[in-house]
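Novice: Supplied in structure tokens, the structure appears directly below.
The values are calculated or read from the model by the stated rules, or taken from the named source; none is laboratory data. The structure presented is a predicted model; accordingly, all values stated were derived computationally and were not measured. Cβ: placed from backbone, ideal geometry, glycine included. Neighbour counts: every protein chain shown.
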């Protein structure tokens, strides 16, 4: 199903760019131009297994993967670099995930913060959104789900950064 949605989105983008898509039968990956900007993903993860999954996926996808052990380190990385996507473990021993998401989402360089949790339900998703987060990924991590959610978050972040309000100041609400 996601392949069909990806294909539809690629077709719409081609038409929106002012032309007809000559490659209607091809998949979005075949239609896509080489990415100019490298995707930076920051992992604030407590598990070595989750770090290995993210590092392996980053290697396969050409993403730049950075890891932080604390919210303070993650915030410093966000301030120093353009970090569009942050994966934050709900079970970090040193911090409350709500505070971490609020801090990272409201930094001077906001990112799409994705919570990693063993429990995923609508009430948790609503709470993540209220805190300024972007989405939730279920633990243990599935490579396909991480890939899908990170790509969507990066796309959202790219669009958000093109908004005039972000070129001059941070939006006051999400």
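Novice: Is there any pair linking a residue in segment 110-137 that is at positive phi and surrounded by fewer than 21 Cβ atoms within 10 Å (Cβ to Cβ) to one that is modelled with pLDDT under 95 and part of a strand (DSSP E or B), with Cβ under 9 Å and at least six apart or on different chains, and which?
Specialist: Sorted first by the residue in segment 110-137, then by its partner, the list stays empty.
Novice: Inside segment 76-102, can you point out the residues that are part of a loop (DSSP other than H, G, I, E, B) and at pLDDT below 90? Even if it seems obvious, please write down each step before you answer.
Specialist: If we filter segment 76-102 for residues that are part of a loop (DSSP other than H, G, I, E, B), which is where we start, we get 81-84, 90-96.
Those that are part of a loop (DSSP other than H, G, I, E, B) and at pLDDT below 90: 81, 82, 92, 93, 94, 95.
Novice: Return the pairs, sorted by first residue and then second, in which the second residue is loosely packed, with under 14 Cβ neighbours inside 10 Å, the first residue lies in segment 45-61 and is within 14 Å of residue 151 (Cβ to Cβ), the beta carbons are less than 8 Å apart, and the residues are 6+ apart or on different chains.
Specialist: Listed by first residue and then by second, the contacts come to 57/143; 58/64.
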